[in-house]
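Report on the following structure.
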Amino acid sequence: AAAGGRRYLDGLNPEQRAAVEAIDGPVLVLAGAGTGKTRVLTTRIAHILAEGRARAHEILAVTFTNKAAREMRDRVALLAGPVGEGMPWLGTFHAISTKILRRHAELVGLKSSFTILDTDDQIRLLKQVLKAEDIDDKRWPARSLAYQIDAWKNRGLDPAHVPAGEAAAFANGKGGRLYALYQERLKILNAADFGDLLLETLRLFKENPDVLKQYQDRFKYMLVDEYQDTNTVQYLWLRLLAQGRHNVCCVGDDDQSIYGWRGAEVDNILRFESDFPGAKVIRLERNYRSTGHILAVAAGLIAHNQGRLGKTLFTDDEAGLMPTVTGVWDSEEEARGIGEEIEQLARKGHAYDEVAILVRASFQMREFEERFITLGLPYRVIGGPRFYERAEIRDALAYLRCVAQPADDLAFERIYNTPRRGLGESTLQQLHEYGRLQRVPLIEAARFMIETDEIKPKQRQALRDLLANFSRWASLIGEKPHGELTEMILEESGYTDMWRKDRTAEAAGRLENLKELVRAMEEFPDLAAFLEHISLVMEAETKDAGPRVSIMTLHAAKGLEFETVFLPGWEEGLFPHQRSLDESGRAGLEEERRLAYVGITRARRRAKIYFATNRRIHGLWQTTIPSRFLDELPPDHVEVVEAATGAAYGGYAQSRFANMDSFGSTYGTPGWRRAQRRTEETRAESGASSGGGFARKTSQRGPMQIEGELIAKSSA
Ligand code: ATP
Ligand code: MG
């Protein structure tokens with residue numbers, strides 16, 4: 001029946017083909033990384049169209065990111081040719097919900113032109129709510145409430161359905177009421193926050209069966225990628241729609257569930273079969289992405305997780321190159337080593353856009369960005385801003401400029417009310433007017449104005465305090481080491497505290513970034529030199545559109561693939577991240593391990609893991625413990641590369657023992673005991689001699705002596 005001869009089916013293996021052709025009824029494709037899950041979804045859309053089973057706009061496909069949606073759209077067009085009128089509804093849950101919600105906004109008390117609030121707006125609004133209720137925002141910060149409300153929304157709970165115990169936990173029992181008030185305010189403002197996009201669509205469907213029916217009828221076929229990372233509200237949303245025609249196909253991999261901290265429920269995979277009786281479950285086992293050694297390393301690592309559905313994975317590809325583990329002295333040497341490796345690859349003709357650096361925490365990007373700018377190596381940061389363009393970094397730099405370069409009006413405007421000190425638009429307007437009139441910078445205008453009665457007393461006092469701080473901090477330039485001074489400024493201005501009170505996961509990352517900023521500046525002789533450096537770095541934005549190396553977090557790398565993948569920072573505390581361990585214990589550790597699995601399985605031919613044996617924290621060098629995940633990699637498939645600085649595995653085993661006492665509580669778990677025993681065994685096996693990989697000598701050299709030295713790599 002199909003026009004185009006079903007060429008798109010060529011090359012699929014029998015299981016993939018079955019998954020593509022089983023277009024009627026519920027289908028769950030449960031399969032490991034790189035087995036072609038996304039490819040199956042794309043081909044299914046082409047198949048449905050080619051078979052004439054539905055027209056494009058009768059197909060709904062959900063991707064995890066907007067970028068993935070764009071890619072899928074292009075692929076479908078390529079496979080299916082011109083698809084007639086319209087395109088499939090293809091996008092993230094949020095994008096698709098927004099589209100539906102705008103069409104029926106009035107049914108949930110909004111106008112179709114409703115605005116979508118970002119986090120800042122959300123906080124501002126919650127502060128108003130708290131104030132109106134006379135609740136002390138110092139004790140009960142708006143940010144905590146925002147976090148709590150988001151969590152409720154992710155679980156599909158509107159104010160009426162929040163469990164009493166949870167509602168009681170905030171502001172002496174007022175949590176639920178505040179949530180309700182906040183929702184009311186949103187409606188008055190004709191606004192929705194991010195969580196509302198889904199929750200309100202769900203409500204729309206529940207309260208308006210006719211509307212639900214309309215969409216159930218429309219979407220003849222539904223497809224969902226990265227199903228393991230759907231949260232409850234997304235799940236409920238999906239289930240409602242799919243209960244129309246039952247033609248829903250979800251693809252996922254429980255081993256790649258990495259958004260538990262944001263409310264994702266991997267159990268949705270298990271619920272699928274009970275919610276959709278008769279669902280066809282298809283497993284794909286052949287990996288088409290990676291070579292044998294890479295796959296073996298990924299499989300060996302993830303086998304340490306207990307809560308798994310379990311899957312087989314094999315490749316018909318060659319064994320290829322073994323993933324490498326390289327120990328370096330510190331993060332600077334790590335960036336230098338990776339930069340060097342990339343240049344070598346480029347000289348051999350490898351394209352920059354086939355290389356990615358996947359970090360655990362965004363602060364790690366700083367060192368790579370600076371190194372690449374120095375080398376003139378084209379790069380881009382995916383899924384977020386570049387390090388020095390991050391909001392918290394810009395804020396911190398603005399403070400420094402206000403202190404060191406007080407004529408900087410933009411800097412002043414940026415932070416004069418961040419954190420909030422009651423200085424609004426109108427005061428700023430007054431300063432601007434005076435500044436324009438007298439042709440002086442804002443700060444100078446402010447100095448004059450606080451001596452007059454033109455500004456209201458409360459604002460005047462706030463401004464006076466701020467200016468006094470600026471002067472005091474300025475007087476410390478040259479007196480106090482500039483790194484310390486910066487920390488003092490961020491502390492005393494209340495800026496750091498603003499983020500500390502914020503309970504979202506992003507806030508913790510921002511605090512790490514601020515620390516990294518201080519670390520970066522300590523490499524410069526003084527504040528002026530550092531600020532000068534920043535201007536240069538900011539200007540260095542590569543304008544050319546050519547291929548570039550990608551730098552991104554592991555979380556952002558899901559679903560992507562590259563020929564060469566660098567995985568830096570495999571150290572205890574960083575990866576696995578201490579926060580996950582502290583907050584979620586064993587579950588947190590398993591999620592970190594899945595993240596490592598995601599990282600390794602992004603690589604087609606080369607996976608290169610790095611760890612540094614030292615990190616500079618507050619100007620002091622501290623020895624780090626290499627990640628326990630290194631212990632868990634199957635040794636037969638890993639090549640240990642020794643850096644010229646001699647920091648390879650040697651530091652690894654030894655520092656584990658050296659630090660055992662101080663880490664006793666964290667690692668006093670069965671997991672640690674096992675790791676300890678394994679390390680002991682390996683040490684015994686390899687003896688004190690070389691070659692074992694674990695027992696290499698630790699470098700005694702300090703960071704000053706390694707200046708200018710390059711990393712020697714054994715040929716890979
Ligand atoms: P992930 O779990 O990482 O999202 P996935 O299961 O979605 O992976 P895909 O990205 O669809 O896997 O496929 C991985 C790679 O294998 C892609 O480059 C894809 O083009 C290729 N591939 C998939 N199936 C086949 C096949 N039958 N023949 C050749 N190449 C294939
Ligand atoms: Mg995929």
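The numbers here are math on the coordinates, done by the rules we state, and not lab data. Computed from a prediction, not measured in an experiment: that's the story for all the values here. Cβ sites come from the backbone with ideal geometry, for glycine too, and all protein chains shown count toward neighbours.
Between GLU479 and LYS67, the contour length at 0.36 nm per residue exceeds the alpha carbon distance by 143.4 nm.
For the pair ALA18 and GLU343, label points projected 7 Å from Cα toward Cβ lie 5.2 nm apart.
Cβ under 14 Å from PRO209's Cβ, PRO209 left aside: what net charge do those residues give with Lys, Arg +1 and Asp, Glu -1? If you can, show how the numbers build up before the last one.
Values: positive: ARG203, LYS206, LYS213; negative: GLU207, ASP210, ASP217.
Charge balance in the 14 Å sphere: 0.
Per the Cα gyration tensor, the range 479-599 maps to an equivalent ellipsoid with semi-axes of 30, 24, 12 Å, ordered largest to smallest.
In terms of packing, defined here as the mean over residues of other Cβ atoms within 10 angstrom, the peptides 168-174, 252-258, 14-20 line up highest first as 252-258, 14-20, 168-174. The simple Förster model, with R0 at 25 Å and r as the Cβ-Cβ distance, assigns GLU451 and GLU492 a FRET efficiency of 0.60. Computed from backbone phi with θ = phi - 60° and the Karplus coefficients 6.51, -1.76 and 1.60, the 3J(HN,Hα) list for the range 210-223 is 5, 5, 4, 4, 4, 7, 4, 6, 5, 7, 6, 9, 10, 9 Hz; x is used for glycine and proline.
Relative contact order, whole percent, for the range 507-599 stands at 23, derived from Cα pairs under 8 Å and 6 or more residues apart.
Please report the projected area of the range 13-147's Cα convex hull averaged over all directions, in nm².
Working: hull surface 49.1 nm².
The directionally averaged projection comes out at 12.3 nm².
Length, then width, then depth: along the principal axes, the Cα atoms of the range 191-317 run 53, 31, 24 Å.
Our note on the geometry: Cα centres of the range 590-613 and the range 398-421, 40 Å apart. Stokes-Einstein diffusion for the range 118-207, with the hydrodynamic radius set to the Kirkwood value over Cα pairs and evaluated at 37 °C in a medium of 0.692 mPa s, equals 251 µm²/s. Between the range 29-66 and the range 267-312, the C-alpha centres lie 19 angstrom from each other.
Starting from 0.36 nm per residue, how many nanometres of slack lie between ALA95 and LYS138 once their C-alpha separation is accounted for? Don't skip to the end; give the middle numbers.
Working: separation 43, 0.36 × 43 = 15.48 nm, distance 3.50 nm.
Net length gain for the segment: 12.0 nm.
Which pairs, out of LYS138/LYS174; LYS67/LYS187; LYS37/LYS280; LYS174/LYS458; LYS99/LYS220; LYS153/LYS206, put more than 23 Å between their alpha-carbon atoms? Violating the 23 Å Cα-Cα cut-off are LYS67/LYS187; LYS174/LYS458.
Taken over the range 99-154, the ratio of Cα radius of gyration to 2.2 N^0.38 Å equals 1.36.
Where Lys and Arg each count +1 and Asp and Glu each count -1, what net charge lies around ASP225 among other residues with Cβ under 14 Å from its Cβ? Intermediate values should be presented prior to the final figure.
Working: positive: LYS37, ARG39, ARG44, LYS67, ARG70, ARG73, ARG75, LYS558; negative: GLU71, GLU226, ASP229, ASP253.
Spelling it out: positives minus negatives among the neighbours equals +4.
A Stokes-Einstein calculation at 20 °C with viscosity 1.002 mPa s, built on the Kirkwood radius of the range 451-494 over Cα pairs, returns a diffusion coefficient of 185 µm²/s. About the centre of its Cα atoms, the chain shows a dipole size close to 1580 debye [charges on the beta carbon of Lys, Arg (+1) and Asp, Glu (-1) only; nearest 20 debye].
I want the antiparallel fraction of DSSP beta bridges within the chain, as a percent rounded to 5.
Values: 7 of 55 bridges.
Here the share of antiparallel DSSP bridges comes out near 15 percent.
Report summary: the helix-based calculation at 222 nm, which adds -39500 (n - 2.57) for every DSSP H run with n ≥ 4 and divides by the residues of the chain, gives -15000 deg cm²/dmol. For the range 287-392, GluC sites (Glu not before Pro) are listed when DSSP marks them as loop and at most 15 other Cβ atoms sit within 10 Å of their Cβ; the list is GLU318.
For the range 330-369, the equivalent ellipsoid built from the Cα gyration tensor has semi-axes of 20, 12, 6 Å, listed from largest to smallest. What is the pair-distance distribution P(r) of the range 396-489, computed from all Cα-Cα distances in 5 Å bins starting at 0, with each bin given as a whole percent? P(r) for the range 396-489, in whole percents per bin: 3, 14, 26, 26, 18, 9, 5, 1.
Look at the alpha carbon pairs under 8 Å that are at least 6 residues apart: their mean separation over the length of the range 1-130 gives a relative contact order of 20 percent.
Taking θ as phi - 60° and the Karplus parameters 6.51, -1.76 and 1.60, the scalar couplings of the range 300-315 work out to x, 5, 5, 4, 6, 7, 8, x, 9, 7, x, 8, 9, 9, 9, 9 Hz in sequence order, x denoting glycine and proline.
Test of understanding: express the Cα radius of gyration of the chain as a ratio to 2.2 N^0.38 Å, with N the residue count.
Details: Rg = 27.6 Å, N = 716, 2.2 N^0.38 = 26.7 Å.
Normalised Rg, Cα atoms only: 1.03.
Normalising by the residue count of the chain, find the relative contact order in percent from Cα pairs under 8 Å and 6+ residues apart. Contact order relative to length: 16 percent.
Report the local net charge at ILE450: Lys and Arg +1, Asp and Glu -1, summed over other residues whose C-beta lies under 9 Å from its C-beta. It works out to a net charge of +2. Loop-resident trypsin sites (Lys or Arg not before Pro) (DSSP state other than H, G, I, E or B) in the range 101-130 with no more than 13 further Cβ atoms inside 10 Å of their Cβ: LYS111. Here the alpha carbons of the range 450-525 define both size measures, Rg and Dmax, at 15.5, 45 Å.
Full extension of the chain between ASP120 and GLU425 yields a length gain of 108.2 nm, computed as 0.36 nm times the residue separation minus the alpha carbon distance.
Using alpha carbon coordinates only, what is the Rg to Rh ratio of the range 99-255, with Rh defined as the Kirkwood radius?
Numbers: Rg = 17.0 Å, Rh = 16.8 Å.
Reported Rg/Rh, Kirkwood definition of Rh: 1.01.
Determine the distance separating the Cα centre of the range 422-500 from the Cα centre of the range 168-206; give it in Å without decimals. Cα centroid to Cα centroid, the span is 36 Å.
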